[in-house]
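Have a look at the structure below before the remarks.
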Amino acid sequence: MNIFHKICSAMVFMMAAFAFAVPAQAADQDNILVLALQNGDVAIQLRPDLAPKHVEQIKKLVREGAYDNVVFHRVIDGFMAQTGDVQYGNKKHGYNAAAAGTGGSKHGNIPAEFSKEPFRRGTVGMARAQAPDSANSQFFICFADAPFLNGQYTVIGTVIKGMDVVDRIKKGDSNNNGAVKNPDAIVKASLVSEVK
């Protein structure tokens, strides 16, 4: 009888855990960003708990379609792939290879939201100019651990699927700060909660 009670208790616990996990998982779909690239899809778990203002701006730009057709203008092998210049990096609207990486969105810059979260392989961070409060629309995905970025840049998420796709993004010229000729681009950016 004692074993029966233990089994029943374990089953009740597992069913309760499952019941609570499903709504939490469904609610979090608003914070999963999917980047459709030429070579496959990349899923990013956004982290509003670390950087609420940055994540909100990213989601706003995704909803506007601002990241669609935007190139990975700076890709340094063994370090990171940078994209998100919605002003000069859009292959179909106003693309300027020489200026890609210098632009931003029509929305204002975001105050820094540095955290203790480390930059590791798959970490997604906001790119910025020298001023800490200059992040706007550009972001990067780390190919490898980058502890020298810790506390200096805002972490906005982590790749949860498709890191092999990230690894295949066309690399740039290491002698030219990672600038990429004929760069790969984001075909479509979307939030899982809004995909129909």
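Given Cβ point charges of +1 (Lys, Arg) and -1 (Asp, Glu) and nothing else, what value in debye, to the nearest 20, does the dipole of the chain about its Cα centre take?
In total the dipole reaches around 200 debye.
Quote to one decimal, in nm, the extra length available between Ile160 and Arg63 on full extension: 0.36 nm per residue of separation minus the C-alpha distance between them.
Length gained between Ile160 and Arg63: 32.8 nm.
Can you list residues whose amide H is under 5 Å from Ile156's amide H, if they're 5+ apart or on another chain and H is modeled 1.01 Å from N?
Amide H to amide H, under 5 Å and 5 or more residues apart or across chains, Ile156 pairs with Val124, Gly125, Met126.
If packing is taken as the mean number of other Cβ atoms within 10 Å per residue, what is the order of 173-186, 122-135, highest first? Kindly include the intermediate steps, with their values, before the conclusion.
Details: 173-186: 15.4, 122-135: 18.4.
Taking the mean over residues of other Cβ atoms within 10 Å, the ranking is 122-135, 173-186.
What are the ³J(HN,Hα) values, in whole Hz, obtained from phi via the Karplus relation 6.51 cos²θ - 1.76 cosθ + 1.60 with θ = phi - 60°, for each residue of region 173-180 in sequence order, with x given for Gly and Pro?
7, 5, 8, 10, 6, x, 4, 10
Name the aspartates and glutamates eligible as straight-distance cross-link partners of Lys92: C-alpha to C-alpha under 16 Å, and not fewer than 8 places from it in the same chain.
Correct list for Lys92: Glu64, Asp68, Asp184.
Taking neighbour counts of Cβ atoms within 10 Å as a proxy for exposure, in what order, fewest first, do Phe72, Phe139 appear?
Ascending number of Cβ neighbours within 10 Å: Phe139, Phe72.
Along its three principal axes, how long is the chain when you only count alpha carbons? Whole Å, largest extent first please.
Principal extents (largest minus smallest coordinate, Cα): 75, 38, 32 Å.
Could you tell me how many degrees, from 0 to 90 and to the nearest 10, lie between the Cα long axis of helix 2-28 and the main elongation axis, the longest principal axis, of the Cα atoms of the chain?
Here the helix axis deviates by roughly 30 degrees.
Using a cut-off of 14 Å between alpha-carbon atoms, which aspartates and glutamates can reach Lys116, once sequence neighbours fewer than 8 places away in the same chain are excluded?
Those aspartates and glutamates meeting the cut-off are Asp49.
Give me the percent relative contact order of the chain, please, defined on Cα pairs under 8 angstrom at least 6 residues apart.
30 percent
Each reported figure results from applying straightforward, stated rules to the coordinates on display, with no laboratory input. Please read all numbers here as calculations on a predicted model, not as lab measurements. So basically every Cβ, Gly included, is an ideal-geometry build from the backbone, and we count neighbours across all protein chains shown.
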